[in-house]
Amino acid sequence: MKTFCKRGRALLLALALALSLTAPALAAETETPASSAPQAAALEETTRIAAEGAMTYGGAASISWALWDSGNISASGGLTVDRETGEAMQTEAESGALYGVGSVSKIYTTVAVMQLAEAHRLSLDAPVTRYLPDFQMADPRYRQITVRMLLNHSSGLMGSSFENAMLFDDADPAAADELLERLASQRLKADPGAYSVYCNDGFTLAQLVVEAVSGQDFMDYVRARILRPAGLEDTFAPGDDFDTTRLARIYFGTDTRALPQDCLNVVGTGGIYATAADLAAFGGALTGTTLLRQSSLDAMAAPEYARGLWPDDTLDALSYGLGWDAVEWYPFSQSGITALVKGGDTQFYHAGLVVLPGCHMAAAVLSSGGVSTYNELAAVHMLLAALKGKGIAVDQSIPALPEAAPAAMPAEEMENAGYYGSTAVQYRVAVSADGTLTLHYMNYPTSVPDQAFTYCADGTFRDSTGTALLRFVRESNGETYLYQKAVSQLPGLGALPVSNYAAVKLPANRISAEVQDLWTAASAMSVLPVREKYSSQAYLAMAAAGAAEIPEAVPGYFGAARIVDGTAARYELQLPGAGGRDGQDITVTRDDAGVVWMRANGALYMEESGAPELYTGSGHSYTTVQADGYARWYHIGGAAGKTMAVQLPEDAGFWVYDAGGQVTASSVLWGDTAAALPEGGMVVFAGDPGARFHLSFQ
């Protein structure tokens with residue numbers, strides 16, 4: 001299934017937060033503690049190199065960083081890329097700019113939940129239904145979901161119900177307010193508590209729990225119980241009263257025009273904005289008891305991932321605690337130093353927070369554009385340089401794979417051949433008698449070459465470089481997993497160990513040729529979102545992907561979902577970590593006119609061919625959003641070459657696309673009231689039911 005962009009990608013919107021208030025506040029000060037000039041210079045140089053590396057690898061437009069050390073911001077700065085020359089320049093403005101921190105917001109939510117638990121107003125191991133009696137799902141297991149499971153990602157929820165959550169310059173809270181309604185029609189993808197797999201909806205539920213238990217709006221609670229006690233004055237959310245011109249500018253591709261405000265309106269999941277200094281100081285507050293008792297901090301840092309299914313080797317970017325992505329992180333874990341890590345990504349902002357509780361240090365790196373993982377690695381470099389200045393040694397030796405020589409392969413290993421899948425990628429795995437494992441990427445059948453691995457005496461398959469291995473693991477749940485272990489090295493940013501279950505074996509699913517043909521046709525179909533608000537970032541995300549080859553399908557599957565019949569496909573992967581995130585059940589129906597409609601966890605899409613041609617009349621026409629509120633899509637058709645002027649109703653907007661799916665005009669992005677209509681393109685009008693757009697053509 002493809003969105004309108006003919007070269008685009010699938011768009012199933014799951015687009016890839018009694019205390020003591022008398023403790024001293026840990027304000028985001030700007031003083032530099034006493035240190036030698038050489039040490040300070042070394043820290044500054046290391047930080048700049050790491051920040052430039054994060055910008056380069058991630059393609060960031062700007063970046064900001066701050067280091068909190070024992071109560072003070074000891075280093076901070078920022079870089080921005082000149083949009084004309086492409087050069088990175090140091091700028092004071094960036095060091096004080098606000099950025100979206102994305103999923104680092106989940107730590108604020110976790111702190112709020114832990115505070116309420118300390119006050120005996122909730123129990124982590126009580127069912128969510130105790131606090132949200134209206135919470136129900138089309139799956140009786142939902143009653144087993146506890147508050148703890150929301151925080152450690154083991155609830156079994158599908159993942160991300162983000163319809164109308166990501167908007168431009170629009171703080172509409174409906175995405176959070178309507179979550180219970182959306183979940184009511186969903187089922188679980190796993191038994192609650194079976195394993196941890198990244199889940200955004202769990203934290204939106206946690207936000208609702210905080211509101212229900214405290215009796216306060218989420219951000220009112222956060223301001224009163226987290227921001228003010230910690231002395232944080234530069235942390236906000238969409239809809240707050242603050243100077244939005246302080247937000248770091250965001251861009252689409254190489255376009256030099258800044259986009260409107262990035263609003264992620266499931267605030268407890270990913271909607272908070274902060275400066276790097278405020279975020280670092282928030283991390284610093286979690287190295288002491290300003291916000292939480294030590295017992296609660298210890299509970300957040302405990303290896304929650306180990307409660308469920310997980311590989312034996314945990315040296316990976318994911319090792320969940322409560323809220324934290326990782327409670328064991330290279331290279332600090334090699335020297336017995338606890339490092340707590342959380343990354344965050346919106347469509348346009350990216351964040352990394354690394355906290356060293358035992359060292360009373362925290363580093364934050366924020367960027368417009370980029371990738372949160374690179375920001376985390378840059379933060380690691382800041383902390384390593386600061387520790388070195390204090391004479392604290394950290395073992396930075398790169399973890400090596402255990403040595404193993406090629407060996408004769410047992411014949412039973414060939415039984416592991418077959419199809420394997422994660423949510424995003426499916427593989428065909430071949431195992432030959434000579435001990436060669438061949439990995440074929442079905443989503444990228446031509447652009448990603450097949451990889452060959454050789455069987456070794458320790459039961460693993462190694463690549464030719466000796467830096468990556470695979471092995472098959474038969475787990476206690478009866479599933480067979482493709483385990484991977486490797487170390488990625490990025491010059492200037494260091495090493496990133498990987499050790500996880502990359503995919504799970506897909507059971508054979510025999511269906512009729514007729515049903516397979518229906519789903520094969522659906523996979524090639526271009527579809528259009530119809531329930532996204534006019535300000536939704538989904539309309540721009542449709543144009544975000546470049547040329548994409550047509551993926552190969554696993555027989556009996558639609559992507560990662562098992563085909564049930566001609567109308568339904570179910571997501572059934574049992575995959576911990578990140579590979580199993582954002583599962584979706586898919587249904588396909590046809591209306592009386594023969595137009596195909598797709599539903600994915602409640603989000604609704606229409607077959608592109610079902611959109612009518614834009615009617616120009618005698619130079620004037622209109623279109624009206626009907627009572628169902630669905631966006632009105634049109635093929636430009638014979639209107640190509642004309643200029644369309646639009647009289648916009650209130651709270652509405654339009655978007656124009658060319659034949660390649662790129663946005664050429666938008667009232668939302670650029671305030672357009674008229675647009676040249678490109679050959680082979682489309683236009684969409686969206687607004688409240690009854691909104692009427694008056695159109696004129698020349």
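The values are calculated or read from the model by the stated rules, or taken from the named source; none is laboratory data. What you are looking at is a predicted structure, and each value in this text was computed from that prediction instead of being measured. Methodologically, a virtual Cβ is constructed for each residue, glycine included, from the backbone with ideal geometry; neighbour enumeration extends over all protein chains shown. Surface areas here come from the heavy atoms of the whole protein model, side chains and all, with no ligands, DNA or RNA. Shrake-Rupley method; radii C 1.70, N 1.55, O 1.52, S 1.80 Å.
Computed over the stretch 89-226, the P(r) tail beyond 21 angstrom holds 43 percent of alpha carbon pairs.
Taken over the C-alpha atoms, the stretch 351-400 has Rg and Dmax values of 11.9, 35 angstrom. The relative contact order of the stretch 420-552, computed from alpha carbon pairs under 8 Å that lie at least 6 residues apart in sequence, is 19 percent.
Taking the Cβ of PRO133 as the center, what net charge do the other residues with Cβ under 15 Å away carry, scoring Lys and Arg +1 and Asp and Glu -1? Let's see the in-between values first.
Details: positive: ARG130, ARG143; negative: ASP134, GLU181, GLU211.
Around PRO133, the charge tally is -1.
Averaged per residue, the stretch 89-186 has 34 square angstrom of accessible surface, using a 1.4 angstrom probe with ligands and nucleic acids left out.
What fraction, in whole percent, of alpha-carbon pairs in the stretch 483-529 exceed 15 Å separation?
Cα-Cα pairs in the stretch 483-529 separated by more than 15 Å: 71 percent.
Debye-formula intensities of the stretch 367-459, expressed as log10 I(q)/I(0) at q = 0.17, 0.20, 0.23 Å⁻¹, are -0.90, -0.99, -1.11 (one equal scatterer per alpha-carbon, no solvent).
Any idea how far the Cα center of the stretch 180-203 sits from the one of the stretch 561-586, in Å? Using only Cα atoms to place each centre, the spacing works out to 13 Å. One equal scatterer on each Cα of the stretch 256-342, no solvent, Debye formula: the resulting log10 I(q)/I(0) at q = 0.11, 0.16 Å⁻¹ is -0.42, -0.80. DSSP beta bridges confined to the chain are antiparallel in about 95 percent of cases.
Calculated on C-alpha atoms, the gyration radius of the stretch 270-319 divided by its Kirkwood radius gives an Rg/Rh of 1.08. Over all orientations, the stretch 570-620 has a Cα convex hull whose mean projected area works out to 5.9 square nanometres. Evaluated at q = 0.15, 0.21 Å⁻¹, the base-10 log of the normalised Debye intensity for the stretch 99-171, with identical point scatterers placed on the Cα atoms, takes the values -0.65, -1.08. Largest first and in whole Å, the equivalent-ellipsoid semi-axes of the stretch 479-588 read 29, 24, 13, each the square root of five times a Cα gyration tensor eigenvalue.
Tell me the mean residue ellipticity at 222 nm calculated for the chain from its helices only (DSSP H runs of n ≥ 4, each -39500 (n - 2.57), averaged over every residue, nearest 500).
That comes out to -5500 deg cm²/dmol.
Can you give the local net charge around HIS440? Use residues other than it whose beta-carbon is closer than 14 angstrom to its beta-carbon, Lys and Arg +1, Asp and Glu -1. My count for the surroundings of HIS440 gives -2. Think of the chain as a dipole: +1 on every Lys or Arg Cβ, -1 on every Asp or Glu Cβ, centred on the Cα centre; then among MET525, THR46, LEU264, MET525 lies furthest on the positive end. Full extension of the chain between ASP134 and GLU650 gives 182.4 nm of extra length, using 0.36 nm per residue less the Cα-Cα distance. Positive contributions from Lys and Arg (+1) and negative ones from Asp and Glu (-1), summed over other residues with Cβ under 13 Å from the Cβ of ALA206, come out at 0.
With a Förster radius of 22 Å applied to the C-beta separation of ASP241 and GLU178, the computed FRET efficiency comes to 0.35. For a modelled paramagnetic label at ALA405, 7 Å from Cα along Cα-to-Cβ, the residues of the stretch 447-472 in reach, with backbone nitrogen under 14 Å, are 456-458.
In terms of the ratio Rg/(2.2 N^0.38 Å) built on C-alpha atoms, what value belongs to the stretch 206-296?
The stretch 206-296 yields a ratio of 1.25.
Considering every alpha-carbon pair of the stretch 148-237, the percent of pairs per 10 Å bin, from zero through the bin containing the longest distance, is 15, 39, 35, 10, 0.
Could you tell me the center-to-center distance, by alpha carbons, between the stretch 392-465 and the stretch 657-674 in angstrom? Computed from Cα coordinates, the inter-centre distance equals 45 Å. Remark: spin-label model distance THR520-ARG293 equals 6.3 nm, labels positioned 7 Å along the Cα→Cβ axis. Note on the chain: percent of Cα-Cα distances in each 20 Å bin, starting at 0 and stopping at the bin with the largest distance, equals 17, 50, 30, 3.
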